[in-house]
Each structure stands twice: as structure tokens, then as C-alpha cells.
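The values are calculated or read from the model by the stated rules, or taken from the named source; none is laboratory data. These numbers come from a predicted model, not from an experiment. Every residue, glycine among them, receives a Cβ derived from its backbone with ideal geometry; neighbour counts consider all protein chains shown.
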Amino acid sequence: MRAARFYGPGRPLVIEDVPRPRPGPGEVVVKVKAAGVCHTELHFLEGVLNLGVVPVTLGHEIAGVVEEVGPGVEEPKPGDRVLVYYYVGCGKCRFCLRGEENLCESPRAEYGFITDGGYAEYIKVPARNAVRLPDNITFEQAAPIGCSVTTAIHATRRARPEVGEYVAVYGVGAVGFALIQYNKLIGAKVIAIGRSERKLQLAEELGADYVINARSEDVVERALEITDGRGVDVVYELVGIRETMDNSLRMLAKRGRLVLIGYWRDKLEANPLDLVVKEATITASVGNTLEELVEAVRLVSEGKVKVVVDRVAGLGEINNELERLRRGEVVGRVVINPEI
Ligand SMILES: [Zn+2]
Ligand SMILES: [Zn+2]
């Protein structure tokens, strides 16, 4: 079967033939119908994220149809439409015991990170990692749920915004769009911050109460103006460069929470006093739990969160699409269909 594989930083993904996986006991093989292209892929290519496993098939937002099941698997069944949960924890560590496989101390698999992922015609996963999809969600909509909507739910739970609090979503990519909608559902007042008029307009359509264009406005000044000088209670930082981290710290309200999600090469710099007088908190969010993925599927199925798909591309277009993503041209998610 064909797969798009990562061979190391600075090199394009290579489309090559690899053996088609066969299911072992308790496993299923999923025929991939859609795989989302996440910013994390750029972190691999730039060498910002180095997990030391090469070659590896990237792609961690994976939707498809169960093709084959191994011995002992009752659910799901061949023909079922599923979304893949990309963590397989050890099942024994203190985090796995709490259902927090995203923090597992010795993960058995992490698809598209240390284990072959979804930029391939087929993928093999444990049966419990293949979550049934309702019929009203297409594969193209489903794939980006696997990282973007789930990350939004997890990050929001890290910050615990209250009804009426101001939250800023700093970065209007796919995770940002999901954060805007999820925080509106919770009852927060949402400020979206970005640099693209088109993406900010979409942010407004998805429910953002205010938008700030960082190209033309002073972000901190504007955030303080919107909040009558109080500052922003929760900032979701999806960019992770010096300018956005500095601005995020400066716009925080007293008892504010800064949630780091995006990252690049820049360092976070803060004087303790920046936090002390505000009793502010810096926290972070990585991945999601299986329960959060099930919740994300429910929210999309009920129409409460919309998934923004830029376009569907073939496996052979993956490097072009990564380049478009790097240039900031992608609105929402590009989804790869390995059958094209
Ligand atoms: Zn991702
Ligand atoms: Zn574990």
C-alpha cells in the first residue's frame, strides 16, 4: 500500500510502498478515507519536534472504514465508520489509570508520531482506538475532530473558563476555530486574534464576539479596551512565538490563565512579577483523552461545533499542502484522501 513517510527534518515526505498491516488479536485494520494535516507535521519537518523515530508515516487525524478485525474483536465490525484515537497508553501508569493516556509515561503507540499514522491506505489500531462515527458526519469532517476539536476541549478543561469570563483565542487555525465554538458553548466571551482578515471573518461567523487583527491593531491595547481594562481571563496561545507569548502575558487579567498549546523555537520569557501581582497561572495542554474524543464527535454530530475543511487532497499532494500550511494559506484543515 502507499504511505507518506517522514525520513527526518528538512526533507519532504516520501510516498512509498509499504506492507499492508494485518490485524493481530484485539486489533482492527482501518481503510483510511480521510487524514487531516496538522501544524505538528511542520514541527516534524522543521526539526522542532524530534521523537527520534524514522521512518514513520505521519498523520494523526484519521477517519475511515473498518476493513478487517483480528481474533477476539466484537466491536467495531467490518464496514463500520470510525475515527481513530491516536494514543495507546501502557494501561498501568498513574495517568493511564485515570484515563489520561495523553500523558502516559510509556506509550505503546502514538499514531503519526512514533507509530505509523494515517497518511496511508490502511492503519492498524487496537479495537478500542477505533471510535464509531455517526452517519451524519462525513469522513472529511470527522478526521480533523481527532486532533483539532479534541485539543480544543482538552485545553479548555485545563483553563476552566467560567460563564461571562473573557477568553482570547490567539491563532485562528483549526484548533482556534474549535476553541472559539467550544468556549462560546460554555458561555465565555470570546476574542479571536489573528493576522488574516479571511480567517478572522470566519472566526466571527463561528461565534467570536470580538476579533483583533494583529497586522493592523495593537493586540494588547485592544484586548484591554474590550475588557474595560480588566484584561483577559484565559488566553489560549496557539502560535508560540516571542511576540504572541509576550502579548498573551501582558493581556492577562488578575487570576488569568495562559494555556500554552502552540510552540516553535522561541522561549517564553517572564519576570515573576508579571505573574505575581496578578496571581496568574501559566499552564499547558497536550493532546486529549479518549473520553474527550467521544465528546468531540458528539458535539460535531449535534451541530454544536463545526469543522472547517479547506480542501480534500490526494496523498501525492501532501508536500504541496504542507507548504501551503506553512505559508498560512490554509483555512481550517486540509484533509488527505489516500484513495485519490
Ligand atoms: Zn495535531
Ligand atoms: Zn500509561
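Inspect region 119-126 for any residue being touching a Leu at 6+ places or on another chain (Cβ under 6 Å) and outside any loop (DSSP other than H, G, I, E, B) and give the result as yes or no. No.
Against the definition (crowded, with 24+ Cβ neighbours inside 10 Å, closer than 20 Å to residue 26 by Cα and either in contact (Cβ under 8 Å) with a residue 60 or more places away in the chain or away from ligand 2 (no atom under 16 Å from the Cβ) (or both)), how does residue 146 come out, yes or no?
Numbers: crowded, with 24+ Cβ neighbours inside 10 Å: yes; closer than 20 Å to residue 26 by Cα: no; either in contact (Cβ under 8 Å) with a residue 60 or more places away in the chain or away from ligand 2 (no atom under 16 Å from the Cβ) (or both): yes.
It is false that residue 146 is crowded, with 24+ Cβ neighbours inside 10 Å, closer than 20 Å to residue 26 by Cα and either in contact (Cβ under 8 Å) with a residue 60 or more places away in the chain or away from ligand 2 (no atom under 16 Å from the Cβ) (or both).
Would you check if there is a residue in region 311-325 being out of contact with any Gly (no Cβ under 6 Å at 6 or more places or on another chain) and either at positive phi or part of a loop (DSSP other than H, G, I, E, B) (or both)?
Of all residues in region 311-325, those out of contact with any Gly (no Cβ under 6 Å at 6 or more places or on another chain) come to 311-325.
Applying the additional criterion that residues be either at positive phi or part of a loop (DSSP other than H, G, I, E, B) (or both) yields none.
There is no residue in region 311-325 that is out of contact with any Gly (no Cβ under 6 Å at 6 or more places or on another chain) and either at positive phi or part of a loop (DSSP other than H, G, I, E, B) (or both).
Counting only residues that are among the hydrophobic types (A, V, I, L, M, F, W, C) and under 16 Å from the mean Cα position of the chain (by Cα), region 133-174 holds 11 of them.
Taking the condition at pLDDT 95 or above, more than 16 Å from ligand 2 (Cβ to nearest atom) and more than 22 Å from residue 262 (Cα to Cα), does residue 21 pass? Full working, then the answer.
Working: at pLDDT 95 or above: yes; more than 16 Å from ligand 2 (Cβ to nearest atom): yes; more than 22 Å from residue 262 (Cα to Cα): yes.
Considered against the rule, which asks whether it is at pLDDT 95 or above, more than 16 Å from ligand 2 (Cβ to nearest atom) and more than 22 Å from residue 262 (Cα to Cα), residue 21 comes out as yes.
Going through region 75-102 one residue at a time, which ones are away from ligand 1 (no atom under 16 Å from the Cβ) and touching a residue at least 40 places away in the same chain (Cβ under 8 Å)?
Applying the first criterion (away from ligand 1 (no atom under 16 Å from the Cβ)) to region 75-102 yields 75-82, 88-100.
Those that are away from ligand 1 (no atom under 16 Å from the Cβ) and touching a residue at least 40 places away in the same chain (Cβ under 8 Å): 75, 76, 80, 81, 82, 88, 99, 100.
Looking for whichever is of a type outside the set (D, E, K, R) and either over 22 Å from residue 303 (Cα atoms) or surrounded by fewer than 24 Cβ atoms within 10 Å (Cβ to Cβ) (or both) here; the options are 137, 191. Which one fits? First the steps, then the outcome.
Working: 191 fails: either over 22 Å from residue 303 (Cα atoms) or surrounded by fewer than 24 Cβ atoms within 10 Å (Cβ to Cβ) (or both).
The conditions single out 137.
Going through (1) of a type in the set (D, E, K, R); (2) more than 15 Å from the chain's Cα centre (by Cα); (3) modelled with pLDDT of 95 or more one by one, residue 333 falls short only on (2).
Regarding region 174-186, can at least one residue be identified that is outside the structural domain of residue 36 (by TED's automatic domain parsing) and farther than 20 Å from residue 152 by Cα? Break it down into steps so the answer makes sense when it comes.
First pass over region 174-186, keeping only residues outside the structural domain of residue 36 (by TED's automatic domain parsing): 174-186.
If we keep only those that are farther than 20 Å from residue 152 by Cα too, we end up with none.
No, there is no match, as no residue in region 174-186 is outside the structural domain of residue 36 (by TED's automatic domain parsing) and farther than 20 Å from residue 152 by Cα.
Here residue 239 fits the description: of a type in the set (Val, Ile, Thr), surrounded by 22 or more Cβ atoms within 10 Å (Cβ to Cβ) and part of a loop (DSSP other than H, G, I, E, B).
Taking the criterion of being buried (at least 18 other Cβ atoms within 10 Å of the Cβ) and modelled with pLDDT of 95 or more, would at least one residue in region 269-284 satisfy it?
Within region 269-284, the subset buried (at least 18 other Cβ atoms within 10 Å of the Cβ) is 280, 282.
Filter once more, keeping what is modelled with pLDDT of 95 or more: 280, 282.
Yes, because at least one residue in region 269-284 is buried (at least 18 other Cβ atoms within 10 Å of the Cβ) and modelled with pLDDT of 95 or more.
In region 70-79, what count of residues is obtained for those that are within 24 Å of residue 289 (Cβ to Cβ) and either over 28 Å from the mean Cα position of the chain (by Cα) or surrounded by fewer than 17 Cβ atoms within 10 Å (Cβ to Cβ) (or both)? Show your work before the answer.
At the first step, the residues of region 70-79 found to be within 24 Å of residue 289 (Cβ to Cβ) are 73-76.
So of that shortlist, the ones also either over 28 Å from the mean Cα position of the chain (by Cα) or surrounded by fewer than 17 Cβ atoms within 10 Å (Cβ to Cβ) (or both) come out as 73-75.
The qualifying residues number 3.
I'd like the full set of residues that are under 21 Å from residue 40 (Cα atoms) and either assigned to a strand (DSSP E or B) or among the basic types (Lys, Arg) (or both), limited to region 276-305. Once the filter is applied, which keeps residues that are under 21 Å from residue 40 (Cα atoms) and either assigned to a strand (DSSP E or B) or among the basic types (Lys, Arg) (or both), region 276-305 yields 283, 284. Need pairs with beta-carbon distance below 8 Å; first residue under 24 Å from residue 153 (Cα atoms) and touching a residue at least 12 places away in the same chain (Cβ under 8 Å) and within region 265-292, second surrounded by 15 or more Cβ atoms within 10 Å (Cβ to Cβ) and of a type in the set (Phe, Trp, Tyr); sequence gap 6+ or separate chains. Going by the 8 Å Cβ cut-off, the qualifying pairs are 287/86; 287/87; 290/85; 290/87.
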